[in-house]
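Contents: one structure, followed by commentary.
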Amino acid sequence: MRKRGKGRSEDSRKGCILKEANALFWSKGFDRTSMKDIARACGFTQGNLYNYFSSKREILHSVILGEMKRLIALIQPLENDHNTSPIEQLRIFILRHVEHTLGPPEGQLLHLDFEMRHLSPLEQADIIQLRDTYDKILRKIIRRGVDANLFAKVDEKLFNYAIASMIVRARVWYLLEGELSLTEISDGIFRLFFYGLGSREKIQQEVENKA
C-alpha cells in the first residue's frame, strides 16, 4: 500500500519520478526502461518508487494523463470563445499545442498512441476521453470558420487528425537549438492548413496582409 501525503516533499518526489520517467520512456522506450533506471535518475532506491507508484505501467499512465491534462488546459479557453475570429483561434490553437509539445522541457514528451499500447483498457479510456476533448475543441473552431464563411467546407475530422499528427510528428525532427523558433514553426503549420481551409477571399486577404 502506498503511503499517504507528506506535503510538498512528497509532491516534489512524485514530480521527479514523473519527469525522469518521461525522459527515460522517450529516450529508451517504455520496454527498455526499468524501475531501477527511474529510481537512479531521481536519486532514490528502487524501493522508494513503490511508496508512490505500484508499477512502471502506473507511472506511464500518470505521465500520459498529466501531459494530456496540461494540453487541454491550454486550449480549453478556445472551446466557447465566440468573440475571437475562427482564423485567429486556429492560429492560437496550433501555437499552444506546438509550445506545449516542443517547448522546454516538453521536447521529450511521449508519443501517446505508441506508448498507450502498454496500458490497460481502463487506463487507456482516461486518455482517450481527454483526446476526444482535444478533437472536439479543434473541430468546433473549424466548424465556426465554415459557418462564418471564413473556411471552405471541409472534412472536419480529416483536418483535425492532420493538424494534430503534424504537430506530434515534429517531435521527431525538432531541435530547441534549431534555426526555427516555436512561433515560426506554428505559423508555418497554420499557413499550411489555412490555405487548405480558408475561403478564396480570406486566403487572398491573408496573402495581401503578409506581403
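Kirkwood hydrodynamic radius computed over region 23-102 comes to 15.1 Å, based on all pairs of distinct alpha carbons.
Working from Cα pairs under 8 Å separated by at least six residues, relative contact order for region 55-210 is 33 percent. The equivalent ellipsoid that matches the C-alpha gyration tensor of region 55-210 spans semi-axes of 29, 19, 12 angstrom, in descending order. Database remark: amide H of Phe151 closer than 5 angstrom to the amide H of Val146, Ser199 (H placed geometrically; neighbours at sequence offset of 5 or more, or on other chains; Pro and chain starts carry no H).
Each value in this text was obtained by applying a stated rule to the coordinates, not by laboratory testing. All values derive from a computational prediction rather than experimental measurement.
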